[in-house]
Amino acid sequence: MVISASHILSSTDLSPSETLHLLRLASKLKAGERRQSLQGKTVALLFEKPSLRTKVSFQVATTQLGGTSLFLGPDEVGLGKREPVADVARVLSRMVDAIVVRTFAQETLEEMARYSSVPVINALSDAEHPCQALADLLTLFERFGFDAEGLTIAYLGDGNNVAASLALTAAAVGVSFRLASPPGYELPIDVSSQVKARASASGASFQEMQDPREAVKGASTVYTDVWTSMGKETESQKRRKAFDAYQVTTSLLDLAGPSCVFLHPLPAHPGEEIEKGLLDDPRSIVFEQAENRLHAQKALLAELFDGS
Ligand code: NVA
């Protein structure tokens with residue numbers, strides 16, 4: 001299958017069948033299937049925010065697919081400051097075969113994509129984190145099997161970039177999604193209506209609520225992310241207060257289904273969004289989830305290039 005979108009800026013740039021196909025391929029690549037889809041190709045990583053998992057997983061994925069990667073970190077390029085976004089896109093796309101971008105505004109990605117003649121991939125923006133969501137669903141399906149029937153993710157906390165891509169991806173592949181967030185921190189309305197449309201097409205359910213205990217009841221997965229995302233540090237005090245009742249604790253996990261697992265995109269802040277020690281709870285599979293960034297992105301890169 002060749003992915004139909006030229007750029008992956010949002011989880012909605014992958015159709016439900018493409019998403020499922022990538023997850024199955026990721027699972028095969030993890031099991032040892034080899035692809036050399038990036039032979040002779042170069043992938044640029046242009047990052048305006050810090051990164052561990054995303055940077056390393058994209059670079060290793062590129063190497064394992066036979067390609068070369070180069071990393072341009074915060075302060076190196078001056079995207080939109082030293083040089084207009086459009087010019088950076090036009091220069092890079094004459095030299096490399098894909099541009100993986102971590103930035104603030106979604107509009108920056110859209111502008112890059114408009115001027116780039118090679119695929120642009122969202123490696124996290126303020127609005128979405130589509131590659132993370134692929135790894136998250138891979139982790140879930142590995143644990144529970146690829147039949148999504150009866151699977152529910154309970155996401156507690158900020159209706160942020162991670163929540164948006166996770167909800168869109170889960171709904172696409174038939175996994176039900178409950179989001180519990182305090183007033184003012186819900187998913188953006190346009191995302192919420194896209195999730196609803198995807199869920200009604202796949203037969204999954206989608207519910208938004210405030211009570212974290214109600215959200216986790218019977219869930220197969222409890223998921224949370226930081227309360228203060230990168231770039232929002234000035235709000236951290238206000239956010240700590242707003243999210244105080246949303247900390248994921250072992251007793252909250254006890255309210256979920258008997259085989260429930262805990263996921264977090266990392267880095268975590270124990271004592272804030274999670275109780276101290278929670279990453280070491282036997283229900284936590286966050287390091288498996290982190291590893292799956294590699295397999296999911298490898299599948300994405302392989303399918304973007306095979307046939308091109
Ligand atoms: N929501 C977090 C995710 C980090 C992987 C952030 O944007 O900082």
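Key figures
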read-out	value
Selected residue [in contact (Cβ under 8 Å) with a residue 60 or more places away in the chain, over 20 Å from the mean Cα position of the chain (by Cα) and open to solvent by 30 Å² or more (accessible area, probe 1.4 Å)] from Lys81, Lys41	Lys41
Extreme residue, farthest from Leu22 (Cα to Cα), among residues of segment 113-138 that are in a helix (DSSP H, G or I), away from the ligand (no atom under 14 Å from the Cβ) and in contact (Cβ under 8 Å) with a residue 40 or more places away in the chain	Ala113
Given (1) out of contact with any Leu (no Cβ under 8 Å at 6 or more places or on another chain); (2) assigned to a helix (DSSP H, G or I); (3) open to solvent by 10 Å² or more (accessible area, probe 1.4 Å), index of the condition Arg94 fails	(2)
Residue selected from segment 21-50 under the condition in contact with a Phe, Trp or Tyr (Cβ under 8 Å, 6 or more places away or on another chain) and in a helix (DSSP H, G or I), by the criterion farthest from the ligand (Cβ to nearest atom)	Arg24
Filter result for Leu279 (more than 15 Å from the chain's Cα centre (by Cα) and either in a loop (DSSP other than H, G, I, E, B) or surrounded by fewer than 23 Cβ atoms within 10 Å (Cβ to Cβ) (or both))	yes
Selected residue (only one of Arg53, Arg82 is out of contact with any Asp or Glu (no Cβ under 6 Å at 6 or more places or on another chain) and within 16 Å of the ligand (Cβ to nearest atom))	Arg53
Count of segment 97-130 residues which are farther than 16 Å from Arg293 by Cβ and open to solvent by 10 Å² or more (accessible area, probe 1.4 Å)	17
Test result for Leu72, modelled with pLDDT of 95 or more, under 23 Å from the mean Cα position of the chain (by Cα) and of a type in the set (A, V, I, L, M, F, W, C)	yes
Pairs, first touching a residue at least 60 places away in the same chain (Cβ under 8 Å) and of a type in the set (Gly, Ala, Ser) in segment 228-239, second within 12 Å of the ligand (Cβ to nearest atom) and open to solvent by 60 Å² or more (accessible area, probe 1.4 Å), C-beta under 8 Å, six or more apart	Ser229/Asp126; Gly231/Phe104; Gly231/Asp126
Selection count, segment 259-276, where residues are in contact (Cβ under 8 Å) with a residue 24 or more places away in the chain, surrounded by fewer than 17 Cβ atoms within 10 Å (Cβ to Cβ) and closer than 19 Å to Lys241 by Cβ	1
Options Ala256, Ala242: the member that is over 30 Å from Gly66 (Cα atoms), small (Gly, Ala, Ser) and open to solvent by less than 20 Å² (accessible area, probe 1.4 Å)	Ala256
One residue from Thr54, Thr63 being open to solvent by 50 Å² or more (accessible area, probe 1.4 Å), within 27 Å of Asp136 (Cβ to Cβ) and not in a loop (DSSP other than H, G, I, E, B)	Thr63
Checklist (1) among the aliphatic types (A, V, I, L, M); (2) assigned to a helix (DSSP H, G or I); (3) within 16 Å of the ligand (Cβ to nearest atom) applied to Val100, failing item	(2)
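This table checks each residue for (1) farther than 12 Å from Ala148 by Cα; (2) of a type in the set (Phe, Trp, Tyr); (3) open to solvent by 30 Å² or more (accessible area, probe 1.4 Å).
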site	(1), (2), (3)
Ser165	yes, no, no
Ser193	yes, no, yes
Lys196	yes, no, yes
Gly203	no, no, yes
Gln207	yes, no, yes
Gln210	yes, no, yes
Glu214	yes, no, yes
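The values are calculated or read from the model by the stated rules, or taken from the named source; none is laboratory data. The structure presented is a predicted model; accordingly, all values stated were derived computationally and were not measured. Cβ sites come from the backbone with ideal geometry, for glycine too, and all protein chains shown count toward neighbours. Each accessible area value is taken on the protein alone, full model and side chains, heavy atoms only, with ligands, DNA and RNA left out. Shrake-Rupley method; radii C 1.70, N 1.55, O 1.52, S 1.80 Å.
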